[in-house]
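Quick note: the coordinates plus some simple rules give every number you see, no bench work behind them. Everything numeric here is computed off the predicted structure, so don't read it as measured data. Note: ideal-geometry Cβ built from the backbone for every residue, glycine included; neighbour counts use all protein chains shown.
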């Protein structure tokens, strides 16, 4: 590896998981060994929680219930808008209500394997243990999960598993879980335990004497820049898929909070691990602002196919059965259409590259429900997937009951994020990171229905039990408003705002975002090569330079200015994109969602290199122009046998 | 297609707003309504004008951020969210009026953006089940009949967009409140707080600047999730029962 790309740093390791006891006992042992905070002292401590999605909302509610003073911040108009709301399919839990051989150990095993053996065993085992409590908690809150006629909870299957362990609420599971967390949150607002800051964006982290002590925020309505201090800071600010411009994320989803924390010293782990979801509605034009996901649950009953012959332009109904290639069923008979996401996406890309793609530009494959409608009846299909079919019809103007859907992969989730230890604490003491914003549980590929599980596990059950060990040394000394660290951070934020408004160039923020996104999609998307990544790394600094000299941002600093918000987010995406490409270039193996064309099996599957790359890449930030520093966390597998992943 | 847009422009709550005209050419019928506004905004930015502010986020019809009054109809001609409305619902040469939600309970922030925090306060008043983390029994401890679970789900699909308020001639938030009262009131877990919930939520709704409900039904007709008027009947039933049982709102 060329040395100019990055510097070697010291190795890094988690020191919190008690590895001297068996894995099934580590979580209870950690809770026992960690120090507690007595209820009278909790009232004296303030916790900042940024973000109100499943992780942030659940954490804020639970910490407030425990008696801490919580300050919550979010950029949307209401805490109920966080993008967790858009998750469709479901949430995994090892309840074994189906009596189909499920167990905590099997969920643990499936998740480690699904992550292509690049996640930390201890964290994943804890996630599997907690999964069952999450379902109990949500039912108690009134989350209306799907039920059977006997009144018990229904389940369905998801990719990467041979058991039915996914709980769901029609195609709106994320919405229902988030509303549950939001209601718990609002209950604590009413009780006076949460101070709320809506339409407020975190733009810097305040670090005092090496500890995270506050955040600098901008009020998006008035433009006012202020600092809030606390004993501890929690980020639940989601993932960074919007670095690709087109993704299934909400338009506002961004990397700014975690990126700016990274620039203050928090290591960024595995930035190149991004998930491309196989079932999204294909792009229709240049004006397109986002991509829409069709839940993976559709693959339970939908069959994926393309014509056997390349360039076959007949309408799907006119292509006879024996001239169709159900390529997932053919290549992966054991898992069929339910192979994990990374595999389904790459296979779709492969058949399209062969010229067998369908629809405009040949960038699509069919997801066909004809067989399911015949087997189950249209009514049953409607009951299961009605809202998804309606959404498809509205967006495309086509009827999926009479013709197969056209789907294509799209960026959906980022497994990378800020590095955290078993306690979910970053490399900055007092900065905890939860949910998609951290890197912890999904390795190089996340299985379906696992993001909701992780967000709620972190928010309801893990963080509230681990943060006490840190807070037991508190409350910490008060930070005065004129502390140099606060003044410096506030000045930096204000200066950046002024800079954006003063450039007055000739290109819009969105045009830079689109260009960056296209570049990252082409070279750091579904398939990556050393040559392509080098090209991207040549181009990104040029984009950054042009952005800072030629962007045109409308309006002023002291009113509601959405263009200014977007500018700050794109500035950070440009910097992150560079780190993603460096990470992707240095990892000369394929694993999960990171597919390096140079490293594949004869059958075209991802070929890992455990000898050299069985580690987490945690990157330290250095000022512009200097290469980032790589800290390796070795991954050891005590309980899961390292093997070439196979779904055949 | 070519369009004329007449858009409500209001720089801030303190300044009086007015309609402004914009002409757009080359609008594709596959564009979403918000993508059409994106195209206009990029043009405005390059021309040195202030782009039109509007709330939006997920753009897949579930977060409830977007909401525009389009030709006098909340979310426009299709019964869906503004982000899911596509330009194929309009014709070449159309003039389209675009306004913010109009209600005393939703003060304008800027242009098409309004403040809907009153909805959060209504939920805060009682739209929850008190189940602190860690206290839950096994999920199968209490079976819930499928019909009840399904009906609760239907009410729980409310996205809090506020179209019901914007469509109501009285500016009432009743459908929003009723959806939550129905969702939680149909589940066994929601029974202990059922009386106090409805009384408190209604008291908060009245304390905000919303009008009263006279069962007109415009709310349900524009609701992107099709929340039914039946929820309002359930709310009234619960409210009557609660008041007869002596429930009083907390002061």
Could you line up A:95, B:110, A:545, A:494 from fewest to most neighbouring Cβ atoms inside 10 Å?
-> A:545, A:494, A:95, B:110
Chain B: relative contact order in percent, alpha carbon pairs under 8 Å with at least 6 residues between = 19 percent
With R₀ set to 56 angstrom, the calculated FRET efficiency between the beta-carbons of residue A:481 and residue A:644, to the nearest 0.05, is 0.45
Hey, what's the Cα Rg ratio for chain B versus the globular rule of thumb, 2.2 N^0.38 Å?
-> 1.13
Going fewest to most other Cβ atoms within 10 Å around each Cβ, A:641, A:412, A:442 line up as A:641, A:412, A:442
Spin-label proximity, residue A:612 to the range A:561-602 - amide N less than 11 Å from point 7 Å beyond Cα toward beta carbon = A:586-590, A:599
Give the Rg (one decimal place) followed by the Dmax (whole number) of the protein assembly as shown, computed from C-alpha coordinates and expressed in Å.
-> 25.9, 78
Give the calculated FRET efficiency between residue B:140 and residue A:374 to the nearest 0.05, with a Förster radius of 45 Å applied to their Cβ-Cβ distance.
-> 0.85
Note on chain A: contact order normalised by length, alpha-carbon pairs under 8 Å, 6 or more apart, percent, works out to 22 percent
Listed residues B:85, B:240, B:175; largest mean-square fluctuation, Gaussian network over chain B with Cα springs below 10 Å, found at B:240
Can you sort A:232, A:283, B:222 by how many other beta carbons sit within 10 Å, fewest first?
-> A:283, B:222, A:232
Over the range A:277-412, what is the relative contact order in whole percent, taking alpha-carbon pairs under 8 Å and six or more residues apart?
-> 35 percent
Using DSSP, restrict attention to beta bridges with both residues in the range B:3-110 and report what percent are antiparallel, rounded to the nearest 5.
-> 75 percent
Once the mean of 1/r over all distinct C-alpha pairs in the range A:488-612 is inverted, the Kirkwood radius in Å reads 16.2 Å
The range A:468-537 and the range B:42-90 have their Cα centres apart by a whole-number Å value of 28 Å
With runs of 4+ DSSP H residues as the only contributors, calculate the mean residue ellipticity of the protein assembly as shown at 222 nm using -39,500 (n - 2.57) per run, divided by the residue total and rounded to the nearest 500.
-> -11000 deg cm²/dmol
Reduced to Cα centres, the span from the range A:570-586 to the range A:399-434 in Å works out to 16 Å
The distance between the Cα centres of the range A:15-66 and the range B:97-148, in whole Å, is 27 Å
